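The values are calculated or read from the model by the stated rules, or taken from the named source; none is laboratory data. The shown structure was predicted, so the numbers you read here are calculated from the model rather than taken from an experiment. Don't worry about glycine lacking a Cβ; one is built from the backbone with ideal geometry, like all the others, and counts go over all protein chains shown. Only protein heavy atoms, including side chains, enter the accessible area calculation; ligands, DNA and RNA are left aside. Shrake-Rupley method; radii C 1.70, N 1.55, O 1.52, S 1.80 Å.
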Amino acid sequence: MEHSNALENQIIRFSGVTKRFGRVYALRDVSFGIRKNDFVFITGPSGAGKSTLIKLLYMGERMSEGYAIIDGMNLARISRRQIPELRRKIGVIFQDFKLIGSLTVFQNVALVMEAAGFKSRSMIKERVEDLLELVGLAHHADAYPPTLSGGEKQRAAVARAMVGKPKIILADEPTASLDPAASERVLQLLRAAHARGATIVITTHDRELLSRFDARVIYLENGRRVEAPDCDRGAEMQEPEARDDGEMA
Ligand code: ADP
């Protein structure tokens, strides 16, 4: 569903974005806009290009063709020197958490603020403690990630993604390694970040997750943007037999 908002309301704009790895097209001619404070899912089968799209957004990879604007920054033209400025706008959450095992939970979260140039130890401490309280990990501040459960690790990663008050939070399959209760808690935290004004972009291949949210969904298939599979939305319009309950992967 294309929307007709003024372009200036869009915090993320992809136009004809293609990403190739050698001969493999991970994304082909993908266009979409995401408005400020949207809550959007990117979905599609394994290999559809979801992770690649997230990587392009935080400039873990550079696009091959097209252009993308993130909060006024043109990713096709951005210089290496400007990447930190882009990254300060964005918090990222990964399926495999990507916490540093040799640092405590507190240190993992504080590192983001240090890297962003915050000098005041007391300000960092206060902010990190607030975030750990929010995600329910205050009592694990001095724990090392390998000693935590998957859900706890992901909540630490959510705290890390939120600590710099980024405008955008990207989450790449954030619940794929978690049990349902832990997944629910992580999603609640992403909703809380959304309620505080952040724009949220989540990739998932989990249709059940999508069905529980009344959020906008962008579909990818073989690297291309496609219209919604009709089984996912507007279900009241369909015959139940028409639903596809098969695996997407
Ligand atoms: P998804 O996240 O939807 O599973 P990906 O974005 O990981 O999909 O991958 C999309 C396609 O791009 C796949 O065919 C994948 O093999 C390919 N691909 C992704 N990353 C690389 C890479 N670094 N090198 C080569 N091919 C890649």
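Observations on the model:
- Pair list, Cβ under 7 Å, 6 or more apart: the range 20-38 residue among the hydroxyl-bearing types (Ser, Thr, Tyr), other residue open to solvent by less than 90 Å² (accessible area, probe 1.4 Å) and more than 8 Å from the ligand (Cβ to nearest atom): 25/18; 31/14; 31/15; 31/16; 31/225
- Scanning the range 150-165 for residues that are over 11 Å from residue 93 (Cβ atoms) and not charged (D, E, K, R) gives 150, 151, 163, 164.
- Residue 65 passes every criterion in (1) touching a helix residue (DSSP H, G or I) at 6+ places or on another chain (Cβ under 6 Å); (2) surrounded by fewer than 16 Cβ atoms within 10 Å (Cβ to Cβ) apart from (1).
- Residues of the range 91-111 that turn out to be touching a residue at least 60 places away in the same chain (Cβ under 8 Å), of a type in the set (Val, Ile, Thr) and open to solvent by less than 20 Å² (accessible area, probe 1.4 Å), as a count: 1
- Counting only strands (runs of 3 or more DSSP E) wholly contained in the range 1-92, the ones carrying 2 or more residues that are among the hydroxyl-bearing types (Ser, Thr, Tyr) and either more than 16 Å from the ligand (Cβ to nearest atom) or modelled with pLDDT of 95 or more (or both) occupy 10-21, 24-35.
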